[in-house]
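Everything on this sheet refers to the single structure shown next.
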Amino acid sequence: MLAEFIQDAAFAAVAATGFAAISNPPRQAYLYCALIAAAGHSFRFVLMNPAGIHIVVATAMASLLVGVLAVLFSPRVKVPAETCLFPALLPMIPGIYAYKAVGGMIMCIYNNSEAAFSRYFYLFASNGLTCFFILLAMAVGAVVPIFLMKKISFRATRTLHD
């Protein structure tokens, strides 16, 4: 279990660093993006696996953690919280659910029997709704700390002279 936890955190950190590179932040921001992603993704991993919490709820809680960490670390790097927030969230995007939803939709189109259509429509709806609610949980969970911690988040890039 510990090895899976460390592996989950490491892969999330690597993915977040790659996503951060796309937006070209300052060099010191890469470390914080990686740390925030590792913390958030591994927190979701612990909530889902040993605790048995559903992926949507676990993602909402992990996104809240990512948002809080991004707001708290952004003044150190002197970047907006979003600079660390978005790359750290991207490893949690539910790609497998989206892939299975599209696959189910395509199989609905190509099947003529009612039983097969019903099965694939169920897979399409189940995976599509799960994907949608994970994305919604990520968006809400990540944005709430920015608005709740306005003094920190909106002053992260200001100097003493502003």
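So the values come out like this:
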| item | result |
| --- | --- |
| Filtered residues of segment 103-135 (kept if assigned to a helix (DSSP H, G or I), more than 30 Å from SER63 (Cα to Cα) and not aromatic (Phe, Trp, Tyr)) | ILE106, MET107, CYS108, ILE109, GLU114, ALA115, ALA116, SER118, ARG119 |
| Checking GLY52 against (1) more than 18 Å from ALA137 (Cβ to Cβ); (2) free of Cβ contacts under 8 Å to residues at least 60 places away in the same chain; (3) not in a helix (DSSP H, G or I), the condition it does not meet | (1) |
| Candidates ALA10, ALA70, ALA38, ALA58, filtered to the one that is free of Cβ contacts under 8 Å to residues at least 60 places away in the same chain, aliphatic (A, V, I, L, M) and in contact with an Asp or Glu (Cβ under 9 Å, 6 or more places away or on another chain) | ALA38 |
| Residue match in segment 112-134 (condition: closer than 24 Å to ALA10 by Cβ and touching a residue at least 40 places away in the same chain (Cβ under 8 Å)) | yes |
| Selected residue (only one of ARG76, ARG44, ARG27 is among the basic types (Lys, Arg) and in contact with a Phe, Trp or Tyr (Cβ under 8 Å, 6 or more places away or on another chain)) | ARG76 |
| Condition broken by ALA98, with the remaining ones in (1) among the aliphatic types (A, V, I, L, M); (2) surrounded by fewer than 18 Cβ atoms within 10 Å (Cβ to Cβ); (3) modelled with pLDDT under 95 satisfied | (3) |
| Considering residues of segment 138-161 that are among the polar types (S, T, N, Q) and not in a helix (DSSP H, G or I) only, the residue modelled with the lowest pLDDT | THR159 |
| Selected residue (criterion: nearest to ALA88 (Cα to Cα)) from residues of segment 140-150 that are hydrophobic (A, V, I, L, M, F, W, C) and in contact (Cβ under 8 Å) with a residue 24 or more places away in the chain | ALA142 |
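The values are calculated or read from the model by the stated rules, or taken from the named source; none is laboratory data. Since the model is a prediction, treat every value here as computed from it, not as a measurement. Cβ sites come from the backbone with ideal geometry, for glycine too, and all protein chains shown count toward neighbours.
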